[in-house]
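Take a look at the structure below.
The values are calculated or read from the model by the stated rules, or taken from the named source; none is laboratory data. Since this is a predicted model, take the numbers as computed values, not measurements. Heads up, the Cβs are rebuilt from the backbone with ideal geometry, glycines too, and the neighbour counts pull from every protein chain shown.
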Amino acid sequence: MKRVKKIARLLLNFFVISSLTLSLLEVSYRYQWIDFYSTEWNSLNENQENPSNEKVLIFGDSFSADPKGWVEKLREIDTNTNYFNASIPGVGLETFRLIAKDRLQEVNPTRVIVQLYVGNDLFDLDKPLNWSELSILRNLFWSFGSKFRVLNYLNYKSGQFSQPSVDSDSKLEESFTVSNYSKRTKLYIRAQKNYPLPAVNLDGESLEIFNELIEALNEIKEMLNKGVKLSVLVIPHCAQVHQKYRDRFRSLGSDLSELKVQENTWSKKLANEGFEVIDPFLTFKQNEELGKALYFENDPHLNRQGQELLSKFVKNQLQ
């Protein structure tokens, strides 16, 4: 009996200490008491010696955090502007909102670009739980991760010190196969059988979550100094821009029969809310129809050709 009580006390102490530690980490993360993403910030903004007064601050996810991606290419083709890259792989608007104040104070930009991705930015705000298809641990992590944001940060950091990303091989230039396709994407399809249709069409709960995204954008907008322009860059999901990608997602088990492909619903709604939108949707469609593949064969990210096209498109939109 004494042994049982001792174990119970140890478990209780562990629970209390863990809860207090997690709560402290969560508060420090939400208020950014320390710069949790200083490593990413410094690595993406080395040698910023352009004397121009034009400063563009960019918030984005893995589409923009690629050190050889569209932001770097934009720096190469537009040497009259300083581009500061505050992008972080694997995050979304909730994280941009947390880091925006410090980055804005440090850069004092003349323009801010917030890059969104139709494919999973709504998941950053609210992960789709599916207890029948996903493991208990996965559902619990996604559930708690929506409430304790620091868990997502810790998961992201732990991945940097362990094995390479599970999707690293999917970005090799190989022909499409179901087995080689992005494991993360296949996980999303298991969680949501018609992924990415709800996010693209903004159906049902997705529209409610999108309204939360609008609120976060407005918060960032209110942080800007007078005269600073805010642009929202919306990167479409590959399934929006060409039939071949929709066919691949059907091969992966996703039902996209009612996917809206004539317009980018996100851009339309953002424009209606008064945001200046940079939307490469039609340009991407036109290039894909001409046979220029812009996305990887086994991953929904932009390939090098797609990144280069995006950099030129953004430059033209900023003129």
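Would you mind finding the one in 234, 241 that is assigned by TED's automatic domain parsing to the domain that holds residue 311, under 17 Å from residue 301 (Cα atoms) and within 18 Å of the chain's Cα centre (by Cα)? Talk me through it step by step, then tell me what you get.
Details: 241 fails: within 18 Å of the chain's Cα centre (by Cα).
Answer to the check: 234.
Yes/no per residue for (1) touching a Lys or Arg at 6+ places or on another chain (Cβ under 8 Å); (2) surrounded by 14 or more Cβ atoms within 10 Å (Cβ to Cβ):
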residue	(1), (2)
30	yes, yes
53	no, no
88	no, yes
96	no, yes
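Quick grid of which residues meet (1) assigned to a helix (DSSP H, G or I); (2) in contact with an Asp or Glu (Cβ under 8 Å, 6 or more places away or on another chain):
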{"residue": "179", "(1), (2)": "no, no"}
{"residue": "220", "(1), (2)": "yes, no"}
{"residue": "234", "(1), (2)": "no, yes"}
{"residue": "248", "(1), (2)": "yes, no"}
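Test residue 281 against the stated conditions and say whether it is in contact with a Pro (Cβ under 6 Å, 6 or more places away or on another chain) and free of Cβ contacts under 8 Å to residues at least 60 places away in the same chain.
Considered against the rule, which asks whether it is in contact with a Pro (Cβ under 6 Å, 6 or more places away or on another chain) and free of Cβ contacts under 8 Å to residues at least 60 places away in the same chain, residue 281 comes out as yes.
Being in contact with a helix residue (DSSP H, G or I) (Cβ under 6 Å, 6 or more places away or on another chain), in a loop (DSSP other than H, G, I, E, B) and surrounded by fewer than 21 Cβ atoms within 10 Å (Cβ to Cβ) narrows it down to one residue among 226, 260; which is it? Break it down stepwise before answering.
Values: 226 fails: in contact with a helix residue (DSSP H, G or I) (Cβ under 6 Å, 6 or more places away or on another chain).
On inspection, the qualifying residue turns out to be 260.
Of the residues that make up the stretch 293-313, is at least one exposed (fewer than 13 other Cβ atoms within 10 Å of the Cβ) and over 27 Å from residue 57 (Cα atoms)? So that I can check it myself, show each step before the final result.
So the first thing to find is which residues in the stretch 293-313 are exposed (fewer than 13 other Cβ atoms within 10 Å of the Cβ), and the list is none.
So far as the stretch 293-313 goes, no, none of its residues is exposed (fewer than 13 other Cβ atoms within 10 Å of the Cβ) and over 27 Å from residue 57 (Cα atoms).
In the list 135, 146, which residue meets the criterion of being free of Cβ contacts under 8 Å to residues at least 12 places away in the same chain and among the small types (Gly, Ala, Ser)? So that I can check it myself, show each step before the final result.
Numbers: 146 fails: free of Cβ contacts under 8 Å to residues at least 12 places away in the same chain.
It is 135.
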